[in-house]
Amino acid sequence: MLTITSTQWERYADKALQGELLTMEEALSILDAEDSQLLPLLQAAFRVRYHTFGRKVKLNMIINAKSGFCPEDCGYCSQSIVSDAPIEKYTMMKRDVLVAGAKEALARKAGTYCIVASGRGPTEHELEEVIEAVKEIKQDLKMKVCACLGILRNDQAERLKAAGVDRYNHNLNTSKDHFSNITTTHNYDHRVQTIEQAKTVGMSPCSGCIVGMGETREQVVQIAYALRELNADSIPVNFLHSIKGTPLEDKEDLDPRYCLKVLALMRFINPSKEIRVSGGREVNLRHLQPLSLYPANAIFVGDYLTTEGQASLIDHQMIEDLGFEIEECAL
């Protein structure tokens, strides 16, 4: 193991800013850092973050456009076929509801509106509902639209792009060698192919991970490397919020200091990319949430898919208290 000093973290920052990739040993030293090194580590990560984003914070808001009825067996998800979680279930929302959600996102100062739907991939009816909503949103509102509709088929990516979708999300979730422990009804390569398909038609790629699903530290590093190779513009970093009724319901909340080290790792490996603190931040980072914005430069505001988020006014106050600034227009 490397002997780490504050100077070493600054060397990591130098490497990141010069476009050099940290070695596996160096990356693991971040996750294994002594807690006494946490503030120097975050300061070095902030230097990398500041180089591209300054003190700006991007806000994203999710709408759960279709809930439940999913045939996939993702072990973390309350909407999957293997989940007994008592969630609200409904089919694809109508266009006017999706448009109203975009207006609410703007009211919460979110520059990016994320339309998310459960399922392996969209049906023709679902896709058309989203397309018509996006056309109206882009005509009337100045905001970025991200779609997350599962695995795309045929010309679906082209049609979403033509409607005005700026970004497509499909998370890798975990490392390739851990993927089958979490999901078996589709594989890791399906997810990579969907992001590549979105990139081909000109949509910005969004892909991230869920930490806390029984992966090793080496596998956390592997997913950071994979997201760099994928060249994802936006990287949502989720920390598992274990939900009763799912196969991962017994996973314990993570150490908030470890979560901060994961975010620092993601910043060093993906220095110029949007790193977004995502699902599970409230229950895992707890009172250390403000520190997450030193390595990360984006958060979700409002609720997630089937779990509640922190009130957006609290997030706004947190950002102000840090001396940071909300980037209200993401275009």
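The values are calculated or read from the model by the stated rules, or taken from the named source; none is laboratory data. No experiment lies behind these values; they were computed from the predicted model shown. Neighbour counts are summed over all protein chains in view; Cβ atoms, including those assigned to glycine, are modelled from backbone coordinates with ideal geometry. Accessible surface is based on the protein model in full, side chains and every heavy atom, while ligands, DNA and RNA are left aside. Shrake-Rupley method; radii C 1.70, N 1.55, O 1.52, S 1.80 Å.
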Among Ala296, Ala226, Ala232, the single one that is under 24 Å from Arg167 (Cα atoms), part of a helix (DSSP H, G or I), modelled with pLDDT of 95 or more and not acidic (Asp, Glu) is Ala226
Odd one out for Ala33 among (1) within 22 Å of the chain's Cα centre (by Cα); (2) small (Gly, Ala, Ser); (3) closer than 24 Å to Gly280 by Cβ: (1)
Look at Asp14 and say whether it is charged (D, E, K, R), more than 29 Å from Glu325 (Cβ to Cβ) and surrounded by fewer than 16 Cβ atoms within 10 Å (Cβ to Cβ). no
If you scan region 278-323, which residues turn out to be of a type in the set (S, T, N, Q) and open to solvent by 10 Å² or more (accessible area, probe 1.4 Å)? Gln289, Thr306, Thr307, Gln310, Ser312, Gln317
Residue check, Leu263 surrounded by 17 or more Cβ atoms within 10 Å (Cβ to Cβ) and farther than 22 Å from Ala33 by Cβ: no
Within region 162-186, the residues that are hydrophobic (A, V, I, L, M, F, W, C) and open to solvent by 30 Å² or more (accessible area, probe 1.4 Å) are Ala162
Say whether the condition of being assigned to a strand (DSSP E or B), in contact (Cβ under 8 Å) with a residue 40 or more places away in the chain and out of contact with any Lys or Arg (no Cβ under 9 Å at 6 or more places or on another chain) is met by at least one residue in region 116-126. no
Take Tyr50 and tell me if it is under 20 Å from Ser292 (Cα atoms) and surrounded by 13 or more Cβ atoms within 10 Å (Cβ to Cβ). yes
Among the candidates Leu22, Leu39, residue that is open to solvent by 40 Å² or more (accessible area, probe 1.4 Å) and either in contact (Cβ under 8 Å) with a residue 60 or more places away in the chain or aliphatic (A, V, I, L, M) (or both): Leu39
Look at Val165 and say whether it is β-branched (Val, Ile, Thr), farther than 18 Å from Tyr76 by Cα and part of a loop (DSSP other than H, G, I, E, B). yes
Per-region count, region 64-105, residues open to solvent by 60 Å² or more (accessible area, probe 1.4 Å) and on the phi < 0 side of the Ramachandran plot: 14
Unique residue being in contact (Cβ under 8 Å) with a residue 60 or more places away in the chain, open to solvent by 10 Å² or more (accessible area, probe 1.4 Å) and part of a strand (DSSP E or B) when the list is Ile275, Ile326: Ile326
Taking region 187-223 only, how many residues are assigned to a loop (DSSP other than H, G, I, E, B) and surrounded by fewer than 18 Cβ atoms within 10 Å (Cβ to Cβ)? 5
